[in-house]
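Each value in this text was obtained by applying a stated rule to the coordinates, not by laboratory testing. Just so it is clear, the model here is predicted, and its values are computed rather than measured. Positions of Cβ are generated from backbone atoms using ideal geometry, with glycine treated the same way; all protein chains shown enter the neighbour counts.
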Amino acid sequence: MSKKHIILTGMPGSGKTTLGTSLAQSLHLPFVDTDALIVARMQKSIVEIFAEQGEANFRQIERQILEEIIGYDRSVISTGGGMPCFANNMNLMNSNAFTVYLDVPPDSLLHVLMLDNSRPLLHGKTPDEMKSYIHNLLYIRKIYYEKADFRINPYTQTVEQCVDIIADRIEIVEGDVHNAFV
Ligand code: S3P
């Protein structure tokens, strides 16, 4: 298998879509956001899909979308926060992409997520519940995220700096994206 794509992973609110959009522009590659693709395909919001079909069905749709995207031409892909943690998806990503974990501390994520109502897993939680939920979720998910090829905290630098750091880190050799420093 060939590591032809660049995939950004990390918790909700870690900035995958923002950074992915800029990285794709800078590398002159198409940008694909898995949640946006699911919404377009299903003609429903993520909140509606969770409410009508449940999380297990959403995870199946995510897996299908991931398998489909892997077949696309080289792209920068931003993934839903849960995607790496189900159905062995992280291994599939690592086999087909240079993977980047946007590693943001839970209390920083909390500030962003408090202001956002678009994530069904966070609905109906008090600030205290949300805090312990985010901490627990990250604790469970870290094991998957940390399998990524590279890690960066986009909250401690600008988007442009992150783009430069990631772009410097990769080199494309015979069609595959490699970690330039390994
Ligand atoms: C989810 C994160 C969301 C979206 C869905 C489930 C999760 O994406 O895929 O609400 O399980 O963490 P973002 O990470 O872009 O918020």
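The table that follows gives values for the structure above.
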| read-out | value |
| --- | --- |
| 20 Å cut-off, amide nitrogen to a point 7 angstrom out along Lys142 Cα→Cβ, residues in segment 72-113 | 81-86, 90-91, 100-113 |
| Net charge dipole size for segment 83-182 [Lys, Arg +1 and Asp, Glu -1 on Cβ; Debye, nearest 20] | 480 debye |
| Built amide H within the under 5 Å cut-off of Thr9, gap 5+ | Val100, Tyr101, Leu102 |
| In degrees, nearest ten, helix 127-145 long axis to first principal axis of the chain (Cα) | 30 degrees |
| Residue exposure sequence - Thr9, Thr79, Thr21 - by fewest surrounding Cβ within 10 Å | Thr21, Thr79, Thr9 |
| Greater than 32 Å apart at Cα, pairs in Lys4/Lys131; Lys4/Lys44; Lys3/Lys131; Lys3/Lys125 | Lys4/Lys131; Lys3/Lys131; Lys3/Lys125 |
| Translational diffusion coefficient (Stokes-Einstein; Kirkwood radius from C-alpha pairs) of segment 14-109 at 37 °C, 0.692 mPa s, in µm²/s | 232 µm²/s |
| Segments 106-114, 119-127 sorted - mean Cβ within 10 Å per residue, highest first | 106-114, 119-127 |
| Computed over segment 108-182, Cα set: Rg, Dmax in Å | 16.6, 51 |
| Relative compactness, the chain, computed as alpha-carbon Rg over 2.2 N^0.38 Å | 0.99 |
| Angle between the chain longest axis and helix 46-70 axis [Cα atoms, degrees, rounded to 10] | 10 degrees |
| Sequence-separation-based contact order of the chain, relative, with Cα cut under 8 Å and 6+ spacing, percent | 35 percent |
| Residue exposure sequence - Cys85, Cys162 - by fewest surrounding Cβ within 10 Å | Cys85, Cys162 |
| Given charges at Cβ of Lys, Arg, Asp, Glu: segment 66-168 dipole, positive-most of Met130, Met90, His111 | Met130 |
| Top positive-direction residue, dipole computed over the chain with Cβ charges, set Asn179, Ser22, Ala148 | Ala148 |
| Cα centre as origin, Lys/Arg/Asp/Glu Cβ charges: the chain dipole, Debye | 280 debye |
